[in-house]
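Structure first, then comments.
Where a number appears in this text, it was derived from the coordinates with a stated rule and is not lab data. Owing to the predicted nature of the structure, the values given are computational and were not obtained by experimental measurement. Counting neighbours? That spans all protein chains shown, and the Cβs are built from the backbone with ideal geometry, glycine included.
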């Protein structure tokens with residue numbers, strides 16, 4: 001018999017330990033990360049028990065009659081351990097739908113954890129979504145490099161890298177988020193009329209809580225920062241480029257290309273994938289061709305981030 005419990009602070013240690021030992025969990029699911037924006041989301045995270053044993057987690061929030069898994073995270077469906085089976089996941093979905101109906105929830109928006117973030121095979125939820133007639137309504141496309149495989153950069157990227165090297169552009173791992181955030185904010189405002197998802201206060205807070213997971217790499221010419229990339233090291237598999245920005249001066253001399261060449265070589269030693277993130281807008285209906293061309297120039301190829309809707 002499967003029981004469902006809403007997450008409460010008393011479960012924090014149990015929740016975090018389960019994420020650590022899961023087959024598809026990442027540090028984004030730790031409570032200290034999820035709760036930095038607790039003022040924006042009404043938490044409705046769920047825990048699935050079989051007897052006294054915790055068998056799954058679902059980071060989630062609720063808005064109106066809809067449950068989101070989770071609105072403040074890039075992805076995040078059901079987190080499971082190595083004992084999860086297809087049959088058990090079907091049981092979880094059956095109990096979940098019944099439980100949510102009793103709570104007045106009519107719809108689930110479910111964000112699948114992309115397979116590159118799995119430590120071992122963990123797609124039981126995809127089968128359960130299919131069996132429960134869930135509808136795929138959004139598919140973002142990300143670009144990732146499989147690092148164990150030897151890859152070749154396109155000539156355009158190689159020229160930019162050489163230009164940066166000739167200009168004595170250096171890559172450094174730094175903690176100067178304030179300087180970088182000014183470059184990022186200016187870049188996003190000018191080119192996309194948007195702002196970073198995280199404020200400078202939030203990203204510094206998260207970096208301080210997760211210094212081994214959230215890192216800033218920047219290029220410098222002499223002492224001037226030109227470009228940067230925030231890396232989320234999510235587990236043993238993936239390094240994910242979360243924020244990417246180039247200054248006008250950096251754009252002229254290939255400063256961003258220089259960073260990626262450095263990072264790809266760096267993470268080849270201890271990661272399986274380098275994830276550049278998505279290049280789509282409008283729920284996947286619009287592909288930013290220039291952006292994905294840049295990423296594919298380093299040898300990256302496509303990974304999908306899927307979103308499903310499911311009636312309870």
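Computed quantities for the displayed model
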{"item": "C-alpha long axis of helix 86-102 to longest principal axis of the chain, angle in °", "result": "70"}
{"item": "Label assignment, Rg and Dmax of the Cα atoms in Å derived from the structure, set [x] 22.4, 78; [y] 19.2, 58; [z] 20.4, 65", "result": "[z]"}
{"item": "C-alpha long axis of helix 200-209 to longest principal axis of the chain, angle in °", "result": "70"}
{"item": "Segment 1-130: relative contact order in percent, alpha carbon pairs under 8 Å with at least 6 residues between", "result": "27"}
{"item": "Contact order relative to length of the chain, as percent, for alpha carbon pairs under 8 angstrom and 6 or more apart", "result": "23"}
{"item": "Calculated FRET efficiency for the pair residue 1/residue 200, C-beta based, R₀ 45 Å, to 0.05", "result": "0.40"}
{"item": "Listed peptides 225-237, 122-134 by packing density, highest first (mean Cβ within 10 Å)", "result": "225-237, 122-134"}
{"item": "For segment 1-120: rounded, prolate or oblate by the Cα gyration tensor [a/c cutoff 1.5]", "result": "rounded"}
{"item": "Rounded to 10°, Cα long-axis angle of helix 155-166 versus longest principal axis of the chain", "result": "60"}
{"item": "Between segment 40-93 and segment 6-20, the Cα center-to-center distance that results, in Å", "result": "12"}
{"item": "Mean residue ellipticity (222 nm) of the chain, computed from DSSP H runs ≥ 4 via -39,500 (n - 2.57), nearest 500", "result": "-10000 deg cm²/dmol"}
{"item": "Overall form of segment 144-304 per C-alpha gyration tensor (a/c, 1.5; a/b vs b/c)", "result": "rounded"}
{"item": "Segment 184-295, relative contact order in percent, only Cα pairs under 8 angstrom and at least six apart counted", "result": "18"}
